[in-house]
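J.: If you scroll down you'll find the structure; I have some questions about it.
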Amino acid sequence: MLVETKPNTTLYVEGPASVELLEGHGTIFGADFEKGQRIIVPEGKAIAIYSENALKIDAKIGDKGLLQEFEGTTIPPYWDNLVEAIKAKQKELNRAPVVLFIGDVDTGKTTLITYILNKLVKQGLKVGIIDADIGQSDVGPPTTIGYSTATHTVFSLTNLKPERCFFVGTTSPVGLFHRHITGLLKVLEYAKMQDTCAILIDTTGWVHTSFGRELKTIKTLTINPDILVLIEKNSHELDFLEKVLGSIVKKIIKIKAPQRVTRRSREVRRDFRTRHYRRYLVNAEIKDIDMNSIFFGYAYLGNGEDVTNTEIAQIVAEEAKISGISYMELGPDFALIVTKKSIVGLDQKIRRLQEVLENREIKIFPESAFHNILVGLVDDDWNLLGIGILHKIDFTNKKVKIFTHIPQEVIKGILFGSIKVNQDGEELGKIRHWTF
Ligand SMILES: Nc1ncnc2c1ncn2[C@@H]1O[C@H](COP(=O)(O)OP(=O)(O)O)[C@@H](O)[C@H]1O
Ligand SMILES: [Mg+2]
């Protein structure tokens, strides 16, 4: 469909859609949109094409997509003030200021960061972007905290190439605040060593309830940003951060969320992750990794003593009447028993083994329990090489079979995620941290 816009208007395009500029020159969140360029807008994302002049656009809009024209720009004027405030801070400190963005979901945090990034790189500056929104990661795979140095304008942060990622392994920081914040600090440490004019940190939209308040309070306290940007949907909703941390964080800038913000449902967010998992699983195939040549993180597995063919395993089999044990591992605080098939009467067997194996957490699983666990594949320093999906563990031959595009030689560690995902990138359900 041919769309002709009037001068000084914004064409708002909600995905799924694709647009090509046929005539004129526009900007999308501060980045130039040139004649002949085609952009794909996935479902759950939206772009705003602004131009002072009339534009001719070829637009293909999917069933759930949307096209709307607005007078003027949808970029609030105070977004430009923020760009100036960041540059001023850089001059004052003579180093890249760390800027932390906090706001509820759908308050335009990611779009604002995209806009600032575009404005700065257009001036020939490099910008460090940390994406700590593990549920809706744009930089790096879902469940990770990603870093990228931006040198070119982008229409979306998903176009940035992740340079350094930390695997958290869950789409929500619930129960893993410390892991989430530690990961963020590690990525920030790396970001600070890069040559950039500013480090912009995107975060999850979890700001309410005691958990959200706790997370954002502690995150701000640990990072101690040079500028804290609070984005409010409803006025005063983030006053608590200002009250509590106002004397620690020297510069707090409070702004309103822009009017034109798309709300995304839980399903749309999940579908977004599916596409994202797929993107990081392109060219993946099952790789065989020697169990004894790597370490396992966020798991008991591989961190105890293999007692499969010993007297202990025999006693366990007899005392708790467990047949078909394919693997058994013992640590000071746990016993992990893997059986060929699922077994019945598990609670009773676990109680019996608690007596025999004293004070140990007893974990009994069939081999199939390991299927489809999302894993992070890391080097010796825990830098994420890529994600993978655990296909199975061959306990007889001590081989871990993982669906990934990462070559097995470079994998030094396997970090267990807390979610199951199939090879098509569809989430199958959460699992408790440290299950295995
Ligand atoms: N200033 C704006 N003009 C037009 N659209 C916007 C603007 N800010 C945000 N949006 C749209 O609203 C949606 C949600 O914004 P996003 O930045 O992803 O929010 P958050 O990161 O806070 O969840 C996005 O699809 C984005 O394109
Ligand atoms: Mg976001």
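The values are calculated or read from the model by the stated rules, or taken from the named source; none is laboratory data. These figures come from a predicted structure and were not determined experimentally. Using ideal geometry, Cβ is built from the backbone for each residue, glycine included, and neighbour counts are taken over all protein chains shown.
J.: Can you tell me how many residues within the stretch 271-287 are within 16 Å of ligand 1 (Cβ to nearest atom) and either buried (at least 16 other Cβ atoms within 10 Å of the Cβ) or in a loop (DSSP other than H, G, I, E, B) (or both)? Break it down into steps so the answer makes sense when it comes.
T.: Filtering the stretch 271-287 down to residues within 16 Å of ligand 1 (Cβ to nearest atom) leaves 271-273, 275-276.
Filter once more, keeping what is either buried (at least 16 other Cβ atoms within 10 Å of the Cβ) or in a loop (DSSP other than H, G, I, E, B) (or both): 271-273, 276.
Residues that pass the stated criteria total 4.
J.: Further, regarding this structure: Would you kindly identify the strands (runs of 3 or more DSSP E) lying entirely within the stretch 9-55 that contain at least 2 residues that are outside the structural domain of residue 108 (by TED's automatic domain parsing) and more than 16 Å from ligand 1 (Cβ to nearest atom)? Reasoning before the result, please.
T.: Details: elements: 9-14, 17-23, 26-28, 31-33, 38-41, 46-51.
Correct list: 17-23.
J.: Before we move on, is residue 205 assigned to a loop (DSSP other than H, G, I, E, B), within 16 Å of ligand 2 (Cβ to nearest atom) and surrounded by fewer than 22 Cβ atoms within 10 Å (Cβ to Cβ)?
T.: Values: assigned to a loop (DSSP other than H, G, I, E, B): yes; within 16 Å of ligand 2 (Cβ to nearest atom): yes; surrounded by fewer than 22 Cβ atoms within 10 Å (Cβ to Cβ): yes.
It is true that residue 205 is assigned to a loop (DSSP other than H, G, I, E, B), within 16 Å of ligand 2 (Cβ to nearest atom) and surrounded by fewer than 22 Cβ atoms within 10 Å (Cβ to Cβ).
J.: Pairs please, first residue from the stretch 336-347 and within 9 Å of residue 324 (Cα to Cα), second anywhere and of a type in the set (S, T, N, Q), Cβ atoms under 7 Å, 6+ apart in sequence or on different chains.
T.: Between residues of the stretch 336-347 that are within 9 Å of residue 324 (Cα to Cα) and residues that are of a type in the set (S, T, N, Q), the close pairs are 338/326; 339/326; 340/326.
J.: On the given criteria, is residue 117 more than 11 Å from ligand 1 (Cβ to nearest atom) and at pLDDT 95 or above? Steps first, please.
T.: On the way: more than 11 Å from ligand 1 (Cβ to nearest atom): yes; at pLDDT 95 or above: yes.
Yes, satisfied.
J.: Looking for something part of a strand (DSSP E or B) and more than 16 Å from ligand 2 (Cβ to nearest atom) - is there at least one such residue anywhere in the stretch 127-137? Show your work before the answer.
T.: Taking the stretch 127-137 and keeping what is part of a strand (DSSP E or B), we get 127-131.
Filter once more, keeping what is more than 16 Å from ligand 2 (Cβ to nearest atom): 127-128.
Yes, the stretch 127-137 contains at least one residue that is part of a strand (DSSP E or B) and more than 16 Å from ligand 2 (Cβ to nearest atom).
J.: Can you name every residue in the stretch 245-270 that is more than 14 Å from ligand 1 (Cβ to nearest atom), modelled with pLDDT of 95 or more and either outside any loop (DSSP other than H, G, I, E, B) or not assigned by TED's automatic domain parsing to the domain that holds residue 135 (or both)? Quick ask: steps written out before the conclusion?
T.: Just the residues of the stretch 245-270 that are more than 14 Å from ligand 1 (Cβ to nearest atom), to begin with: 245-254, 267, 270.
Checking which are modelled with pLDDT of 95 or more leaves us with 249, 251-254.
The answer is 252, 253, 254.
J.: Could you give every pair whose Cβ atoms fall below 8 Å, whose first residue belongs to the stretch 193-212 and is farther than 22 Å from residue 140 by Cα, and whose second residue is among the charged types (D, E, K, R) and surrounded by fewer than 20 Cβ atoms within 10 Å (Cβ to Cβ), counting only separations of at least 6 or pairs across chains?
T.: From residues that are farther than 22 Å from residue 140 by Cα, the pairs are 207/104; 207/213; 207/237; 208/104; 208/237.
J.: State the number of residues belonging to the stretch 20-36 that are under 22 Å from residue 113 (Cβ atoms) and more than 16 Å from ligand 2 (Cβ to nearest atom). Reasoning before the result, please.
T.: Just the residues of the stretch 20-36 that are under 22 Å from residue 113 (Cβ atoms), to begin with: 26-33.
Remaining after also requiring more than 16 Å from ligand 2 (Cβ to nearest atom): 26-28, 30-33.
Number satisfying all stated conditions: 7.
J.: Look through the stretch 148-172, keep the residues that are more than 16 Å from ligand 2 (Cβ to nearest atom) and of a type in the set (Phe, Trp, Tyr), and return whichever of them is surrounded by the fewest Cβ atoms within 10 Å (Cβ to Cβ).
T.: For the stretch 148-172, the residue satisfying everything is 166.
J.: Residues in the stretch 327-342: is at least one small (Gly, Ala, Ser) and farther than 30 Å from residue 168 by Cβ?
T.: From the stretch 327-342, those small (Gly, Ala, Ser) are 331, 335, 342; that's our starting set.
Keeping just the survivors that are farther than 30 Å from residue 168 by Cβ gives none.
No, because not a single residue in the stretch 327-342 is small (Gly, Ala, Ser) and farther than 30 Å from residue 168 by Cβ.
J.: Separate question: From the set of residues in the stretch 104-125 that are near ligand 2 (Cβ under 10 Å from one of its atoms) and among the hydrophobic types (A, V, I, L, M, F, W, C), which is nearest to residue 75 (Cα to Cα)? Give the derivation first.
T.: First pass over the stretch 104-125, keeping only residues near ligand 2 (Cβ under 10 Å from one of its atoms): 105-114.
Now narrow it down to the ones that are among the hydrophobic types (A, V, I, L, M, F, W, C): 105, 112-113.
Numbers: 105: 18, 112: 9, 113: 12 Å.
Out of the qualifying residues, it is 112.
J.: On the basis of being touching a strand residue (DSSP E or B) at 6+ places or on another chain (Cβ under 8 Å), more than 28 Å from residue 165 (Cβ to Cβ) and more than 15 Å from ligand 2 (Cβ to nearest atom), does residue 252 make the cut? Before the answer, list the steps.
T.: Details: touching a strand residue (DSSP E or B) at 6+ places or on another chain (Cβ under 8 Å): yes; more than 28 Å from residue 165 (Cβ to Cβ): yes; more than 15 Å from ligand 2 (Cβ to nearest atom): yes.
The answer is yes for residue 252.
J.: Another question, if that's okay. Taking the options 83, 99, name whichever one is within 16 Å of ligand 1 (Cβ to nearest atom) and outside any strand (DSSP E or B).
T.: When all the criteria are applied, what remains is 83.
J.: Based on what the data block shows, is residue 238 within 16 Å of ligand 1 (Cβ to nearest atom) and surrounded by 19 or more Cβ atoms within 10 Å (Cβ to Cβ)?
T.: Details: within 16 Å of ligand 1 (Cβ to nearest atom): yes; surrounded by 19 or more Cβ atoms within 10 Å (Cβ to Cβ): yes.
Judged against the criteria, residue 238 is a match.
J.: I would also like to ask the following. Given the criterion assigned to a strand (DSSP E or B) and either within 15 Å of ligand 2 (Cβ to nearest atom) or surrounded by fewer than 18 Cβ atoms within 10 Å (Cβ to Cβ) (or both), identify the matching residue among 185, 200.
T.: Numbers: 185 fails: assigned to a strand (DSSP E or B).
Going through 185, 200 in turn, just one is assigned to a strand (DSSP E or B) and either within 15 Å of ligand 2 (Cβ to nearest atom) or surrounded by fewer than 18 Cβ atoms within 10 Å (Cβ to Cβ) (or both): 200.
J.: Go through the stretch 74-103 and report how many residues are within 27 Å of residue 265 (Cβ to Cβ) and away from ligand 2 (no atom under 16 Å from the Cβ).
T.: Residues meeting the conditions: 3.
J.: Moving to a separate point now. Exactly one of (1) part of a helix (DSSP H, G or I); (2) buried (at least 18 other Cβ atoms within 10 Å of the Cβ); (3) within 16 Å of ligand 2 (Cβ to nearest atom) is unmet by residue 212. Its number?
T.: Looking at each condition in turn, residue 212 falls short on (2).
J.: Okay, moving on. Do you know which of the residues in the stretch 23-64 that are touching a helix residue (DSSP H, G or I) at 6+ places or on another chain (Cβ under 6 Å) and on the phi > 0 side of the Ramachandran plot is surrounded by the fewest Cβ atoms within 10 Å (Cβ to Cβ)?
T.: Top of the filtered list is 44.
J.: Here is a further query. Pick out the one residue from 30, 24, 44 that is among the small types (Gly, Ala, Ser) and in contact with a Leu (Cβ under 7 Å, 6 or more places away or on another chain).
T.: On the way: 30 fails: in contact with a Leu (Cβ under 7 Å, 6 or more places away or on another chain); 44 fails: in contact with a Leu (Cβ under 7 Å, 6 or more places away or on another chain).
Just a single option satisfies the conditions, and that option is 24.
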